[in-house]
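The values are calculated or read from the model by the stated rules, or taken from the named source; none is laboratory data. A quick note: this is a predicted structure, and the numbers were derived from the prediction, not measured. Cβ sites come from the backbone with ideal geometry, for glycine too, and all protein chains shown count toward neighbours.
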Amino acid sequence: MKRQHTALITGANAGIGLALSAKLLGQGYRVIGTSRSGYIDALSHPQFYCLPLDVRDPSSIEACKQALARMATSIDLLINNAGVADDVFQTVPDRPSFENTFSTNVTGLVFFTEAVIGLVPPGGQIINISTDMSLLTEIAVNGPAYRMSKGAVNIYTKMLAQRLADKQVTVTAVHPGWVRTKLGGDQAPMLPEASAAGILDIIFAQKNSGEFRNVATGKHFVL
Ligand SMILES: NC(=O)c1ccc[n+]([C@@H]2O[C@H](COP(=O)([O-])OP(=O)(O)OC[C@H]3O[C@@H](n4cnc5c(N)ncnc54)[C@H](OP(=O)(O)O)[C@@H]3O)[C@@H](O)[C@H]2O)c1
């Protein structure tokens, strides 16, 4: 009998993370979603579990790691989805937004990944949700902390891809499209379900590690 795969998704209580959770459950995955509250009321499924996690807090990461070790022997798919975009309507950086954005999108993502990386088996995948706004060819004046933080995510993606190559774990940075969520706003053209479907296509097709993939355009390149 085929072993059931487990996916771990940060920020699964809303937006793209919630839509990804529903899609992966539909594909037969066991899904462990995290939320800051420790509850995800919007989704109920016998194979869906929720763990509390605030990626900015080292003790929360440690508690989540301990809980994971008790419930999962392996994490076949880690999706680092949790993120904030506090300053997208600003051009001048302000320290509170900058610190919150880096602490969530960079330090949080990196140290959560490092905490759970030992649970990702050979053949496993790590998806880091990035943005096309981070690409040097797309730089504009707004969102200084957001763009720089996701640029750092792309760099970590490439470094991790190199580090985990021998273990055959693939690592990919993904632009999910401009998506109608709390972060993306009401004007965004893509619904979370469509974005999640695009991310799933990338996950199932994925062969090469260390790439940036764009759900909206289908374009991809080696980081
Ligand atoms: N929407 C877009 O157009 C778009 C475009 C490009 C990239 N992205 C990226 O896609 C990802 C998902 O965003 P979304 O659009 O789905 O936004 P969203 O609906 O606002 O969801 C963001 C998720 O991140 C969680 N989160 C925020 N801070 C956290 C922390 N300190 N610890 C743990 N979880 C935290 C949120 O939890 P709470 O509900 O508790 O705040 C929420 O679950 C983000 O990384 C974002 O940068 C989105």
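Answer yes or no as to whether V222 is over 27 Å from D87 (Cα atoms) and more than 14 Å from the ligand (Cβ to nearest atom). Yes. For region 197-207, give me each residue that is in contact (Cβ under 8 Å) with a residue 24 or more places away in the chain, touching a strand residue (DSSP E or B) at 6+ places or on another chain (Cβ under 9 Å) and not polar (S, T, N, Q). Listed by number, the residues that qualify are I199, I202, I203, K207.
Restricting G33, G38, G28 to residues that are free of Cβ contacts under 8 Å to residues at least 40 places away in the same chain and either in a strand (DSSP E or B) or of a type in the set (V, I, T) (or both) narrows the list to G33. Can you find even one residue in region 174-187 that is out of contact with any Lys or Arg (no Cβ under 7 Å at 6 or more places or on another chain), of a type in the set (K, R) and more than 21 Å from H220 (Cβ to Cβ)? Scanning region 174-187 turns up at least one residue that is out of contact with any Lys or Arg (no Cβ under 7 Å at 6 or more places or on another chain), of a type in the set (K, R) and more than 21 Å from H220 (Cβ to Cβ). For region 179-193, the candidate set comprises residues that are within 6 Å of the ligand (Cβ to nearest atom) and touching a residue at least 24 places away in the same chain (Cβ under 8 Å); within that set, the residue that is nearest to V84 (Cα to Cα) is L183. For region 43-63, give me the residue count where each residue is within 11 Å of the ligand (Cβ to nearest atom), within 18 Å of V106 (Cα to Cα) and of a type outside the set (S, T, Y). Qualifying residue count for the region: 6. Just to be sure, is F98 more than 10 Å from the ligand (Cβ to nearest atom), modelled with pLDDT of 95 or more and farther than 26 Å from Y29 by Cα? In short, yes.
On the stretch given as region 116-164, residues that are surrounded by fewer than 17 Cβ atoms within 10 Å (Cβ to Cβ) and under 27 Å from R3 (Cα atoms) total 5. Take A196 and tell me if it is assigned to a helix (DSSP H, G or I), of a type outside the set (S, T, N, Q) and buried (at least 21 other Cβ atoms within 10 Å of the Cβ). So A196 passes the test.
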